[in-house]
Amino acid sequence: MDLSKRIGLFLGPILFLVLINLPFDLVSEKGDIVIAVAAWMVIWWITETVSISVTALLPLIIFPLLKVMPMADVGANYGSPIVFLFFGGFVMALALEKVNLHKRIALNIIKITGTTPNKVILGFMIATASLSMWISNTASTVVMLPIAISVIQLLVDDADGFTKSDRNFALSVMLGIAFSANAGGIATVIGTPPNSVLIGLLENEYNIEISFLRWMVIGLPFSITLIAIIYLVMIKWMFPNGHLKFNASKQVIHTELNKLGPTSGKEKMVLVIFGVTVFLWVFRTVINGIFPALGLSDTIISILAAVALFALPYNLRRGDFIIGWNDTKNLAWGILILFGGGLALAKGMSVSGIVDIVAAAIAASDISILLTASLLILLMLFMTELMSNVALVAVLAPVVAGIAIGLGIPVLYLLIPVTMASSCAFMLPMATPPNAIVFASGYIKVHQMARVGIFLNLISVGLLILMFQFVIPQLF
């Protein structure tokens with residue numbers, strides 16, 4: 001264990017003990033306990049001394065023991081509907097990956113976009129972003145990376161060697177995959193965990209429901225705009241590949257598709273279930289309007305899809321199903337626990353009065369709403385370069401909600417852009433799993449990622465400020 005982890009292991013509980021034993025109240029008796037727990041969790045989350053999911057279990061122990069909340073109230077957060085919404089999404093992702101449908105979709109998108117160098121880059125970015133809307137950004141990056149390496153290898157092995165144009169193309173492809181994996185997840189509720197933490201907080205604390213479609217109305221255009229900017233920044237400014245020409249990439253795509261063979265029956269079943277699920281998510285409010293007694297929710301639809309994938313037989317006689325419970329060993333259970341921990345911490349901040357105190361302090365101050373929003377977006381975006389974005393949202397979102405209340409604006413106006421900022425980390429390899437995966441390929445150096453990443457971070461901040469000022473008030 002490295003030094004930072006050893007320090008974090010002891011610093012977290014020591015700071016907790018110090019804060020709860022101060023001779024004066026920082027906030028209140030309960031509030032000080034919640035602040036102490038939050039400080040312990042943040043230290044363990046930053047240093048990753050233990051798994052971030054294990055850290056998320058601390059409220060489940062401390063809040064009942066120190067009488068912040070009863071065990072039943074704390075535990076309810078770990079079984080929140082948003083946790084099950086994401087569980088259903090994870091099961092769908094497992095099915096897509098098990099039958100290799102995600103790879104087939106990605107390859108066909110690249111095939112459609114074309115095989116000239118810049119079109120190949122665009123194809124990889126669109127394919128990665130499209131996958132990241134529905135499966136984890138880690139999985140979408142892992143799928144795309146070997147295909148990208150196969151294409152890049154053609155340039156390494158050609159007659160003129162690995163030229164500057166070749167190198168710029170390789171950088172654009174690799175960074176394009178990582179960055180579009182990050183940006184693509186913003187488009188949907190299940191695309192990236194911070195989105196779901198926000199939805200859970202809004203439902204649990206403020207009785208505000210954002211449907212799957214309503215989120216896409218704002219998330220998808222932002223995601224598309226950001227990906228288009230990333231593409232143009234890389235091919236026109238940072239890493240232009242000149243008049244690079246190669247046609248063999250078309251053969252690589254065909255070879256990969258041939259390896260998959262014809263579309264299997266299981267792939268077709270998964271595609272139908274996936275399509276029906278997305279249809280129900282998008283048109284849920286219309287369906288509920290026609291059949292008000294039905295009461296469909298995004299979570300019910302998600303669990304329905306999960307049960308269908310487990311229960312609909314592909315071959316009844318052989319007892320062959322699309323997925324079995326054994327497949328769930330690959331499911332990201334830790335993320336589900338992390339959601340629960342974040343929601344429990346948010347509930348603790350609410351019941352202990354911390355959110356009200358923040359709101360009152362902001363209301364009493366004479367501070368510019370736009371400046372506050374800009375600073376919060378900037379803070380979230382650059383902090384997420386160093387810390388898990390879902391953990392960061394879990395800690396900061398309740399505080400941001402309090403600031404919004406203090407400023408006298410709807411909590412959505414501030415929470416949506418600040419949460420989206422947590423998925424816009426483009427500077428460092430350790431910021432997100434996609435960044436780390438492509439960095440490990442060996443084609444990218446830290447300074448190259450940081451050089452383009454700092455500009456993309458600042459562009460993202462600008463886009464989110466514009467969204468806060470002009471777009472969100474029109475939609476919500």
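The values are calculated or read from the model by the stated rules, or taken from the named source; none is laboratory data. It should be emphasised that the depicted structure is a prediction, and the values quoted were computed from it without experimental measurement. So basically every Cβ, Gly included, is an ideal-geometry build from the backbone, and we count neighbours across all protein chains shown. SASA here: full protein model, heavy atoms, side chains in, ligands and nucleic acids out. Shrake-Rupley method; radii C 1.70, N 1.55, O 1.52, S 1.80 Å.
Side notes on the structure shown:
- Each residue in segment 89-124 was checked for being over 24 Å from the mean Cα position of the chain (by Cα), under 21 Å from I224 (Cβ atoms) and part of a helix (DSSP H, G or I), and 7 of them qualify.
- S196 vs. criteria buried (at least 17 other Cβ atoms within 10 Å of the Cβ), under 29 Å from A344 (Cα atoms) and not β-branched (V, I, T): yes
- When segment 429-439 is filtered for residues that are buried (at least 17 other Cβ atoms within 10 Å of the Cβ), of a type in the set (A, V, I, L, M) and touching a helix residue (DSSP H, G or I) at 6+ places or on another chain (Cβ under 7 Å), the ones remaining, listed by number, are I437, V438.
- Against the numbered list (1) under 28 Å from F84 (Cα atoms); (2) of a type outside the set (D, E); (3) open to solvent by less than 30 Å² (accessible area, probe 1.4 Å), F239 comes up short only at (1).
Table: residues versus (1) over 16 Å from the mean Cα position of the chain (by Cα); (2) of a type in the set (K, R); (3) surrounded by 20 or more Cβ atoms within 10 Å (Cβ to Cβ); (4) at pLDDT below 90.
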site: D366; (1), (2), (3), (4): yes, no, no, yes
site: S374; (1), (2), (3), (4): yes, no, no, no
site: L381; (1), (2), (3), (4): no, no, yes, no
site: L386; (1), (2), (3), (4): no, no, no, yes
site: V393; (1), (2), (3), (4): no, no, yes, no
site: P417; (1), (2), (3), (4): no, no, yes, no
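- Hey, V252 in a helix (DSSP H, G or I), open to solvent by 10 Å² or more (accessible area, probe 1.4 Å) and at pLDDT 90 or above or not: no
- Residue within segment 144-164 that is under 23 Å from the mean Cα position of the chain (by Cα), more than 25 Å from K445 (Cβ to Cβ) and open to solvent by 20 Å² or more (accessible area, probe 1.4 Å) present: no
- Condition check for V471: in contact with a helix residue (DSSP H, G or I) (Cβ under 6 Å, 6 or more places away or on another chain) and either surrounded by 20 or more Cβ atoms within 10 Å (Cβ to Cβ) or in contact (Cβ under 8 Å) with a residue 24 or more places away in the chain (or both): no
- Applying the criterion of being of a type outside the set (F, W, Y) and open to solvent by 40 Å² or more (accessible area, probe 1.4 Å) to the residues of segment 80-111, the residue that is nearest to T141 (Cα to Cα) is K103.
- Unique residue being open to solvent by less than 40 Å² (accessible area, probe 1.4 Å) and not aliphatic (A, V, I, L, M) when the list is G453, G442: G453
- The combined condition, being out of contact with any Pro (no Cβ under 9 Å at 6 or more places or on another chain) and among the aromatic types (F, W, Y), is fulfilled by W45.
- Sole residue being of a type outside the set (A, V, I, L, M, F, W, C) and within 23 Å of F124 (Cβ to Cβ), chosen from Q448, Q469: Q448
- Residue check, A72 without any contact (Cβ under 8 Å) to a residue 12 or more places away in the chain, in a helix (DSSP H, G or I), surrounded by fewer than 21 Cβ atoms within 10 Å (Cβ to Cβ) and in contact with a Lys or Arg (Cβ under 9 Å, 6 or more places away or on another chain): no
- Test: residue in segment 440-454 that is farther than 30 Å from I224 by Cβ and more than 23 Å from the chain's Cα centre (by Cα): yes
- Taking the criterion of being part of a loop (DSSP other than H, G, I, E, B) and within 25 Å of the chain's Cα centre (by Cα), the residues of segment 262-308 that qualify are F283, L296, S297.
- Boolean, V452 is among the β-branched types (V, I, T) and closer than 19 Å to L378 by Cβ: yes
- Restricted to segment 312-344, and to residues there that are under 16 Å from the mean Cα position of the chain (by Cα) and outside any helix (DSSP H, G or I), the residue that is surrounded by the fewest Cβ atoms within 10 Å (Cβ to Cβ) is L331.
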